[in-house]
1. Residue under question is Ala14, and the condition is that it be among the hydrophobic types (A, V, I, L, M, F, W, C), surrounded by fewer than 12 Cβ atoms within 10 Å (Cβ to Cβ) and at pLDDT 90 or above; does it hold?
2. Does Ala54 meet the test of being out of contact with any helix residue (DSSP H, G or I) (no Cβ under 6 Å at 6 or more places or on another chain), surrounded by 15 or more Cβ atoms within 10 Å (Cβ to Cβ) and not in a loop (DSSP other than H, G, I, E, B)?
3. Need the failing condition index for Tyr43 against (1) surrounded by 15 or more Cβ atoms within 10 Å (Cβ to Cβ); (2) on the phi > 0 side of the Ramachandran plot, just the number.
4. Six or more apart or on different chains, Cβ atoms under 9 Å: show the pairs whose first residue is in region 1-18 and more than 18 Å from Gly50 (Cα to Cα) and whose second is modelled with pLDDT under 95 and part of a loop (DSSP other than H, G, I, E, B).
5. So which of Tyr3, Tyr43 ends up being of a type outside the set (A, V, I, L, M, F, W, C) and not in a helix (DSSP H, G or I)?
6. Go through (1) in contact (Cβ under 8 Å) with a residue 12 or more places away in the chain; (2) basic (Lys, Arg); (3) surrounded by fewer than 13 Cβ atoms within 10 Å (Cβ to Cβ) and name the single condition Arg25 misses.
7. Output the residues belonging to region 29-59 that are farther than 18 Å from Asp4 by Cβ and of a type in the set (S, T, N, Q).
Amino acid sequence: MGYDEGTLLGLLAALGGGLLVGAERERRKGVGPTRGVAGLRTYTLAALLGAVAAMLGTP
């Protein structure tokens with residue numbers, strides 16, 4: 001089961017995008033009871049899962 005360059009670049013792009021969005025959201029979260037739920041790990045995981053789902057859907 002080999003991976004081509006396009007697959008790895010797609011996963012790296014999703015990882016980078018998720019990390020950037022997550023870092024920005026983490027910075028704006030705030031404190032206390034009104035604190036936001038999603039942060040760095042959540043957005044990174046969601047981006048990677050989305051990339052994997054898109055890759056599984058292509059022939």
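1. no
2. no
3. (2)
4. none
5. Answer to the selection: Tyr3.
6. With respect to (1) in contact (Cβ under 8 Å) with a residue 12 or more places away in the chain; (2) basic (Lys, Arg); (3) surrounded by fewer than 13 Cβ atoms within 10 Å (Cβ to Cβ), Arg25 is out only on (3).
7. Thr34, Thr42, Thr44, listed by residue number.
Results for (1) in a loop (DSSP other than H, G, I, E, B); (2) among the aliphatic types (A, V, I, L, M), shown as yes or no for each residue.
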residue: Leu15; (1), (2): no, yes
residue: Leu20; (1), (2): no, yes
residue: Arg25; (1), (2): no, no
residue: Pro33; (1), (2): yes, no
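The values are calculated or read from the model by the stated rules, or taken from the named source; none is laboratory data. Just so you know, these numbers come straight off a predicted model, no measurement behind them. Neighbour counts run over all protein chains shown; Cβ positions are idealised from the backbone, glycine included.
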